[in-house]
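Contents: one structure, followed by commentary.
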Amino acid sequence: MELARKRLSVVLSSVASDSHTWNLVYLQLVLEEQGHDVVNLGACVPDDLLVAECLRCDPDLVVLSSVNGHGSQDGERVVRRLRACPELAGTPVVIGGKLGVDGDGRHTGNLLRAGFDAVFSDDVDAFRAFVDGLLVRVAA
Amino acid sequence: MTGFGGFVARAHAAGQLVVQPRMGFSDPGRMRGGLIATKLADATTVGTLTLDSYTRVGANDEARRALAEGAALNGYPIVAHDAATTASVVEGLRGQDFPVQIRHGSACPEHIVDALVRTGFDATEGGPVSYCLPYSRLPLRESVRNWERACQRLAAVPGSHLETFGGCMMGQLCPPSLLVAISVLEGLFFAQHGMRGISLSYAQQTDLAQDTDAMFALRRLGEEFFAGLDWHIVVYAYMGVYPKTPHGALNLLAQAARLAVRTGGARLIVKTVAEAYRIPTVAENVEALEHAASAAALTSALPVGDGGEVYREARALIDAVLNLSDDLGRAFVQAFALGYLDVPYCLHPDNAGRARGHVDASGRLAWTSVGAMPIPGATGRSAGITSSSLLTALSHVERTFDWSPMETPPSPQQHLASPVTKTVMRIQDTALTAAREYLRDNGFVELLPAIIGPVTDPGVRGSKQVDVDYYGHKYKLMTSAILYKQASLLGFDKLFYIAPNVRLEPPETASTARHLAEFHQLDVEISGASREDAMQVVEDLVRVMVQRVVTTMPAELEQLGRDADAFKDLLVSAFDRRTHASAVADLLEIGHPQSADAEIDWQGEEILSRKSSRPFFVTDYPKGCRGFYDRENRDVPGMLRNFDLIAPEGYGELCSGSEREFEYAKIVARMRETGENPAKYGWYLQMVREGIPDSAGFGIGIQRFIRYVAGLDSVWQASAYPKIPGQVSA
């Protein structure tokens, strides 16, 4: 099947409690190098703002990144807000970074149950592969 | 002058760099303990209360709830704690001789300033731009209004002081001119709202020479804009991705201290060896304060520079902003809206986000693009930033300072052709020329050393000897010249060699930065001499070699980044002498597990080495950790009449020496004690039985010595043909 589109529109964001931004700068470059369009919302994004921006942009993918060790609580909360919007119920939403202070493993299940499509640690290749895989879904 | 600024000014006038930690604990007792340790540190210090992140964002109720639940916060909640609690934290500590500054990071600082004024503080830091753009989503316009009110409140306190955080902006990849401009502009904003005591900050970046220019630019702009005010410059040790190794972290900190002293900076905020991992302990903070202070003490100021390109760009940025409005707050908002100020990689909605910086091939920060800023754009061809080049740039300083001594030498061709190797070899040539002249002038004869023999120095610390087939006999490559030196006394009272040694050190020593399998010693032996006579010759020789290099090769040292001030103390003061027993006691006291009956281990030697500003002797090692030829003390059995010379700054041992055993019976007894078979030492023992003079002597490890003089990361850099233990090489 010929792909209808090769570019995804992506909303990239931190979570409410995290003021780090170098991770977001880096991921924007990664996504742009794959040919995608990125709206980067930056640090300390309140839940309301993230929901509003996602409704406004209607993205093909939402990427949350957090490295301050508290990302999993913020992530679980905000993904439920996103999933509660009918427009975003089926939008791929992923999270990655340093999500907990004591290893990421035990957070993953909670995050997936809360509504994320995928949870990444710092494995950027796995993230790239996931994004590539989405092109097929978008085309379909 | 009183208060914070007055204290710093007095220290600066006295030639002391003020060093300061970042330190904050929610528990009042712990916070007080941190302040006491800061005050008692062997350094000129001011104290810090770093606030927690709840207080930073104004969530004081959450801070109170956490305190009530007994949860630890990541700083001191000055608003949530009542005034009496805070008073008890600083009681008897805070004063004219120990000011305490509040550090926070807030874009809405009014409640913090209220609380600090209420509790008797008069110094804090931040700024409308520097605490808004990088860490907050608050619109810049609101941050400006908040900081206007905070400044006015603080300015009403006599002697109050406010430091701009503008010299940090994102911590890394922001070229220095923009840091300098924002620092000056925030200082002007403070002054416009009544502050009379101001410090301008600059955060150490990627390149010492560029940082030096930036500091001179900041100083020149300070003189132009802040005349009549109480102002000084504060340096932040590197604020980006920090080295992970202790030596990398401490070296980066020492470089920040040297930067401050060289350029007239008055105060330094330190970072610790824990920086890359976690919030540091009080002890780690004290270590950092003392390490920075000792690096500063070995440094002197440079002639004042004009700030060069950094000054010109910063001045253009400042003028462009000042031309926008007489009201600096309004000018800031317009400048960011127009992109006249544009912080690279800053994602704040009020930042234009068109500027980019990178680390260029020479290690300096450069513009990739300047956006709409009124300064010349990128010079030459610069590749765009990619995700992988961004990671490389962000870790540039970390890699440079962590650069592991385990890294192997390049190919022989590359190593020999490298400008560093060539410069180091010329320094070695100069040092050896000076040594030969000194020794000859003092009646020594240079002999050429034996390379192989039926037996050699049995060696120490686990190294192995190399066997050579000599007409069917098993001969050895020399591990040291000791046996032949003693023999030569039969013909010469005072002699020396520059002798090659081969010791197959265990492969794990490849990573110590101080072991080579093949190296050279400047080997000296003096008939009829005492240990003290030998130590005096060592001291004179070291001083003569260093003096010659410092005097005749300043450009070469500069090229290697070696500060000649590191030798200031060595050249004028006698080397300290301490016993092995006292060195062991010192190490045990600071918690290093050192056996009293053994050689001081590498790590212990490095700890002692870092505590000194010039080489020092350790004497009287216990029998058992040295060879049979070191003479035993006749009055104190079990103690040897020997010594090591240890270099400062962590370079470790440079030289070993002793009075020698020369009587047949004693030598044989000592051989047996050390597990050596006297039967192997035929020719030597035959000679000793017939009588050799008593003597004292020593060997200076030439590559180790040159490593110290040239300030090299690893000893292999001081060898033309390096042989790293366990590695196949040329």
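Give, as residue ranges, the helices (runs of 4 or more DSSP H) completely inside segment B:5-70 that count at least 2 residues that are modelled with pLDDT of 95 or more, under 21 Å from B:LEU268 (Cβ atoms) and touching a helix residue (DSSP H, G or I) at 6+ places or on another chain (Cβ under 6 Å).
Of the helices (runs of 4 or more DSSP H) lying wholly inside segment B:5-70, those with at least 2 residues that are modelled with pLDDT of 95 or more, under 21 Å from B:LEU268 (Cβ atoms) and touching a helix residue (DSSP H, G or I) at 6+ places or on another chain (Cβ under 6 Å) span B:28-40.
Return the only residue of A:ASP58, A:ASP37, A:ASP47 being more than 9 Å from chain B (Cβ to nearest Cβ), among the acidic types (Asp, Glu) and open to solvent by less than 30 Å² (accessible area, probe 1.4 Å).
A:ASP47
What's the number of the condition B:ARG548 fails, among (1) more than 28 Å from B:ARG426 (Cβ to Cβ); (2) modelled with pLDDT of 95 or more; (3) out of contact with any strand residue (DSSP E or B) (no Cβ under 8 Å at 6 or more places or on another chain)?
Here B:ARG548 clears every test but (1).
Given the conditions (1) more than 7 Å from every other protein chain (Cβ to nearest Cβ); (2) assigned to a loop (DSSP other than H, G, I, E, B); (3) more than 13 Å from the chain's Cα centre (by Cα), report the number of the one that A:SER19 does not fulfil.
Tallying (1) more than 7 Å from every other protein chain (Cβ to nearest Cβ); (2) assigned to a loop (DSSP other than H, G, I, E, B); (3) more than 13 Å from the chain's Cα centre (by Cα), A:SER19 fails exactly one: (1).
List pairs: first in segment B:166-183 and polar (S, T, N, Q), second buried (at least 24 other Cβ atoms within 10 Å of the Cβ), Cβ under 6 Å, 6+ apart or cross-chain?
So the pair list comes out as B:SER177/B:VAL310; B:SER177/B:GLU313; B:SER177/B:ALA314; B:SER183/B:THR164; B:SER183/B:GLY166; B:SER183/B:GLY167; B:SER183/B:LEU200; B:SER183/B:SER201.
Could you go through segment B:698-708 and let me know if any residue there is surrounded by fewer than 16 Cβ atoms within 10 Å (Cβ to Cβ) and assigned by TED's automatic domain parsing to the domain that holds B:GLU446.
no
Within segment B:134-152, is there a residue that is in a loop (DSSP other than H, G, I, E, B) and more than 14 Å from chain A (Cβ to nearest Cβ)?
no
Please list, ordered by first then second residue, the pairs with beta carbon atoms under 7 Å, 6 or more apart or interchain, first in segment B:476-501 and over 19 Å from B:ILE702 (Cα atoms), second in a loop (DSSP other than H, G, I, E, B) and acidic (Asp, Glu).
If the second residue must be in a loop (DSSP other than H, G, I, E, B) and acidic (Asp, Glu), the pairs left are B:LEU483/B:ASP457.
Would you mind stating whether B:VAL282 is without any contact (Cβ under 8 Å) to a residue 60 or more places away in the chain, more than 23 Å from B:LEU200 (Cα to Cα) and among the hydrophobic types (A, V, I, L, M, F, W, C)?
In short, no.
For every residue, the table says whether it meets (1) assigned by TED's automatic domain parsing to the domain that holds B:ALA435; (2) of a type in the set (S, T, N, Q); (3) open to solvent by 50 Å² or more (accessible area, probe 1.4 Å).
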| residue | (1), (2), (3) |
| --- | --- |
| B:ARG626 | yes, no, no |
| B:ASN633 | yes, yes, no |
| B:LEU645 | yes, no, no |
| B:SER656 | yes, yes, no |
| B:ALA679 | yes, no, yes |
| B:TRP683 | yes, no, yes |
| B:ASP713 | yes, no, yes |
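Could you check segment B:443-517 for strands (runs of 3 or more DSSP E) lying wholly inside it with 2 or more residues that are surrounded by 20 or more Cβ atoms within 10 Å (Cβ to Cβ) and within 38 Å of the chain's Cα centre (by Cα)?
Because the criterion is at least 2 residues that are surrounded by 20 or more Cβ atoms within 10 Å (Cβ to Cβ) and within 38 Å of the chain's Cα centre (by Cα), the strands (runs of 3 or more DSSP E) in segment B:443-517 that meet it are B:494-502.
Taking A:GLU53 as the residue in question, decide whether it is surrounded by fewer than 22 Cβ atoms within 10 Å (Cβ to Cβ), away from every other protein chain (no Cβ under 14 Å) and in a helix (DSSP H, G or I).
In short, no.
In segment B:45-71, how many are β-branched (Val, Ile, Thr) and open to solvent by 40 Å² or more (accessible area, probe 1.4 Å)?
Number of matching residues: 1.
From the set of residues in segment A:84-140 that are at pLDDT below 90 and among the hydroxyl-bearing types (Ser, Thr, Tyr), which is farthest from the chain's Cα centre (by Cα)?
The residue in question is A:THR108.
If you scan segment A:61-106, which residues turn out to be surrounded by 15 or more Cβ atoms within 10 Å (Cβ to Cβ) and part of a loop (DSSP other than H, G, I, E, B)?
Across segment A:61-106, the qualifying residues are A:VAL67, A:ASN68, A:HIS70, A:THR91, A:PRO92, A:LYS98, A:LEU99, A:GLY100, A:ASP104.
Which of the residues spanning segment B:334-347 are away from every other protein chain (no Cβ under 14 Å) and open to solvent by 30 Å² or more (accessible area, probe 1.4 Å)?
Residues satisfying the conditions are B:GLN334, B:ALA337, B:LEU338, B:TYR340.
With (1) surrounded by fewer than 24 Cβ atoms within 10 Å (Cβ to Cβ); (2) within 14 Å of chain A (Cβ to nearest Cβ) as the list, and B:ALA191 as the residue in question, which single condition is left unmet?
(2)
Somewhere in segment B:305-314, is a residue in a loop (DSSP other than H, G, I, E, B), open to solvent by 10 Å² or more (accessible area, probe 1.4 Å) and not assigned by TED's automatic domain parsing to the domain that holds B:ALA566?
So far as segment B:305-314 goes, yes, one or more of its residues are in a loop (DSSP other than H, G, I, E, B), open to solvent by 10 Å² or more (accessible area, probe 1.4 Å) and not assigned by TED's automatic domain parsing to the domain that holds B:ALA566.
The values are calculated or read from the model by the stated rules, or taken from the named source; none is laboratory data. Predicted, not measured: the structure shown is a model, and the values here were computed from it. All Cβ positions, even for glycine, are placed from backbone atoms using ideal geometry, and neighbour counts span all protein chains on display. To get the accessible areas, we keep the full protein, side chains included, count just its heavy atoms, and leave off ligands, DNA and RNA. Shrake-Rupley method; radii C 1.70, N 1.55, O 1.52, S 1.80 Å.
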